[in-house]
């Protein structure tokens with residue numbers, strides 16, 4: 001069950017989409033001072049599906065919506081997940097733990113974003129927002145371009161097999177020479 005905290009009152013929500021509501025209105029949540037804590041299922045993150053072999057089955061979401069001293073609709077918190085991917089250096093399995101730290105301000109369409117301090121990401125909410133899409137976008141922003149082991153013993157597969165080509169394009173030069181000789 002997801003825990004939704006609004007002010008001093010705590011609500012236990014029925015399981016809707018994974019463990020949290022499918023759609024949220026971030027500006028309204030900020031008006032009510034709500035904290036969303038629960039899980040989104042990995043299977044709901046459609047754009048991430050091809051990027052991992054397996055997922056820990058759930059993405060942990062912990063987001064607080066409120067109004068800061070500047071009276072903006074803030075969203076702070078984290079989105080954490082654990083994936084099994086292929087290391088792009090050694091081509092062996094890699095346990096990839098990702099944490100996206102959210103610190104954003106929500107505005108309505110047409111609102112002036114120029115007055116918002118640069119330290120915030122500015123997100124536009126036109127009514128409700130799909131929570132799984134929000135979690136997915138935050139994870140995509142921190143997903144490593146080339147996931148690799150941090151271990152120095154992780155070496156490229158070509159170096160392990162001993163098939164490292166000293167001049168990988170030498171064959172092209174031979175073909176060019178043969179063509180020029182004709």
Enumerate the whole-percent occupancy of each 5 Å bin, from 0 to the last occupied one, for all C-alpha pair distances of the stretch 2-154. 2, 9, 17, 20, 17, 13, 10, 7, 4, 2, 0
Burial ordering of 75, 171, 145, fewest other beta-carbon atoms within 10 Å first: 145, 171, 75
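Ranking 118, 137 by Cβ neighbours within 10 Å, fewest first, what do you get?
Values: 118 6, 137 15.
Ascending number of Cβ neighbours within 10 Å: 118, 137.
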Neighbour-count ranking [beta-carbon atoms within 10 angstrom, fewest first] of 154, 87: 154, 87
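Laboratory data are not the source of any read-out in this text; all were calculated from the coordinates shown. Predicted, not measured: the structure shown is a model, and the values here were computed from it. Positions of Cβ are backbone-derived with ideal geometry, glycine not excepted, and every protein chain shown enters the neighbour counts.
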